[in-house]
Amino acid sequence: MKVLVVGNGGREHALAWKLLQSQNVEQVICTPGNGGTATMPRCQNFPLSVEDFEGIKQCALANNVSLVVVGPELPLAQGITDYLQQYKIRVFGPTKEGAQIESSKHWAKNLMQSAGIPTAAFAVFTEVDKAKAYIKTQKVPIVVKADGLAAGKGVTVAATVEEAQAAIDSLFDNGFSTVVIEEFLTGQEVSVLAITDGLTIRALLPAADHKRIGEGDTGENTGGMGAYAPVPIVTTELMARLEIEILQPTLEALQQRGIDYRGVLYAGLMINSVGDPIVLEFNCRFGDPETQAILPLLESPLEQLLLACSDQQLEQLPAITWKPGAAACVVAASKGYPGAYEKGKVISGIEQAETLGASVFQAGTQFKQQQLLTDGGRVLGVTATDESLQKAVAEAYKAINCIQFEGIYYRTDIGHRLI
């Protein structure tokens, strides 16, 4: 079979890499792909925007693609699944209506409220003055969220009233018409990604992401500076609770709204001091960089799982199987990220890193004139697996130390909560 992967990040490189490990997958096509997918055997890039639904449709039909896997949230929120399904093209990813669980924080909070899913107390505002006045009546820290897609950067954890009000101004100034203000929760953040065919839901290994740019989880939010899996705090018992108290009720709430949700349901959770899970947010797609830590541990053929979801046959598959051990991913970013950064810097040392046993998933890269160049804020995700998380983290850092480009930046404390 041939699979088309929509997107150009590290997540999409990891998906293509995992799909190509199966004897059943003849070729992966990436639209638009990146420097990593451009140079993988049996992988081909097509320079199509993720918003070019017509071009993606034509590419899928012309190449007799068996399945389209949508990586980023933007095309899902814009309705790529609905569009392709009109042409009888199989898609892994929810419809536009289902993708609201990520594209509208307000919509998602109402869904959780109606289903009795534990989540932070919140208020929704469409006017700057009312939002600012509300902030003055609340305790700080407090959380200000954009009610829309913001590439993982639409959340501010404000330590002061002034910081929260500045975040409100910034969101409205940047075109958002609605903000969600939430109480601040403490504990350990965990990402639980599950796959569903709209009828059955199965959780993948729990992962933890490091969102902040700075050491010790300080500084601005980013798309993610590193991740590891599994997460020791998520015991077998807690995972059973998550499935019963969060994943299953969410799927049922979607069903009650008439939404046929086939794809990833990603729960961003806070595990509080007494071990109770609370939902911070839902996403409608594979996490990035969580995917780069989860997929290297997956033993079940990925294409079987994704096809079963798109064909509503997930219940018929055996339980998902995993390799023993742990995985850690460290993200190498461009100097200045998540703010302004330069592109076009020559990257070296990836082959040396891979010789050490690491998998280097490329994100913001392009292959141009026989050179690999930086082309984004998050440039690479260096993943290593080993028998323990401590060893996996150590191996990931050994590998990333081999890689060089002008202005390279990465955190040196991924997994610090556990090590």
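The values are calculated or read from the model by the stated rules, or taken from the named source; none is laboratory data. In this text, all values refer to a predicted model and were calculated from it rather than measured experimentally. Reconstructed Cβ throughout: ideal geometry from the backbone, glycine too, with neighbour counts over all protein chains shown.
For every residue, the table says whether it meets (1) among the charged types (D, E, K, R); (2) at pLDDT 95 or above; (3) over 22 Å from the mean Cα position of the chain (by Cα); (4) not assigned by TED's automatic domain parsing to the domain that holds VAL65.
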position	(1), (2), (3), (4)
GLU299	yes, yes, no, yes
ALA308	no, yes, no, yes
THR321	no, yes, no, yes
ALA332	no, yes, no, yes
GLY336	no, yes, no, yes
GLY344	no, yes, yes, yes
ILE347	no, yes, yes, yes
LEU356	no, yes, yes, yes
PHE361 modelled with pLDDT of 95 or more, in a loop (DSSP other than H, G, I, E, B), under 21 Å from LEU4 (Cα atoms) and among the hydrophobic types (A, V, I, L, M, F, W, C): no
Scope segment 185-224; condition crowded, with 20+ Cβ neighbours inside 10 Å and either touching a His at 6+ places or on another chain (Cβ under 8 Å) or polar (S, T, N, Q) (or both); matching residues: SER191, THR196, THR222, GLY224
Meets criteria (in contact (Cβ under 8 Å) with a residue 40 or more places away in the chain and within 19 Å of LEU372 (Cβ to Cβ)) for ASN63: no
Residues (over 25 Å from ILE259 (Cβ atoms) and either modelled with pLDDT under 95 or assigned to a strand (DSSP E or B) (or both)) located in segment 191-209: ALA207, ALA208, ASP209
ALA227 being surrounded by 16 or more Cβ atoms within 10 Å (Cβ to Cβ), outside the structural domain of LEU76 (by TED's automatic domain parsing) and in a strand (DSSP E or B): yes
Checking GLU281 against (1) within 20 Å of the chain's Cα centre (by Cα); (2) modelled with pLDDT of 95 or more, the condition it does not meet: (2)
ASN272 more than 30 Å from GLN21 (Cβ to Cβ), touching a residue at least 12 places away in the same chain (Cβ under 8 Å) and of a type in the set (S, T, N, Q): yes
In segment 144-184, residue nearest to VAL70 (Cα to Cα) [restricted to those that are surrounded by fewer than 17 Cβ atoms within 10 Å (Cβ to Cβ) and in contact (Cβ under 8 Å) with a residue 40 or more places away in the chain]: ALA151
Search result, residues across segment 85-104 that are assigned to a strand (DSSP E or B) and within 30 Å of GLY275 (Cβ to Cβ): none
Complete set of residues in segment 138-150 that are under 14 Å from GLU281 (Cα atoms) and either in a loop (DSSP other than H, G, I, E, B) or of a type in the set (A, V, I, L, M) (or both): VAL143, VAL144, ALA146, ASP147, GLY148, LEU149, ALA150
Any chance THR236 is without any contact (Cβ under 8 Å) to a residue 12 or more places away in the chain and hydroxyl-bearing (Ser, Thr, Tyr): yes
Segment 65-77, residues that are buried (at least 24 other Cβ atoms within 10 Å of the Cβ) and in a loop (DSSP other than H, G, I, E, B): GLY71
In segment 99-136, the residues that are of a type in the set (A, V, I, L, M) and more than 27 Å from the chain's Cα centre (by Cα): VAL128, ALA131, ALA133, ILE135
Test: residue in segment 248-262 that is closer than 17 Å to LEU185 by Cβ and β-branched (Val, Ile, Thr): no
All positions within segment 9-64 that are of a type in the set (Gly, Ala, Ser), crowded, with 21+ Cβ neighbours inside 10 Å and either touching a Ser or Thr at 6+ places or on another chain (Cβ under 8 Å) or part of a helix (DSSP H, G or I) (or both): GLY10, ALA14, ALA16, GLY35, GLY36, ALA60
Matching residues in segment 105-137 - criterion: being surrounded by 14 or more Cβ atoms within 10 Å (Cβ to Cβ), among the polar types (S, T, N, Q) and not in a helix (DSSP H, G or I): THR119
Residues located in segment 160-180, provided they are assigned to a helix (DSSP H, G or I) and aliphatic (A, V, I, L, M): VAL161, ALA164, ALA166, ALA167, ILE168, LEU171
Residue in segment 42-51 that is closer than 21 Å to LEU298 by Cβ and in contact with a strand residue (DSSP E or B) (Cβ under 6 Å, 6 or more places away or on another chain) present: yes
Complete set of residues in segment 358-396 that are among the aliphatic types (A, V, I, L, M) and either in contact with a Gly (Cβ under 6 Å, 6 or more places away or on another chain) or within 18 Å of HIS416 (Cα to Cα) (or both): ALA363, LEU372, LEU373, VAL379, VAL382, ALA384, LEU389, ALA392, VAL393, ALA394, ALA396
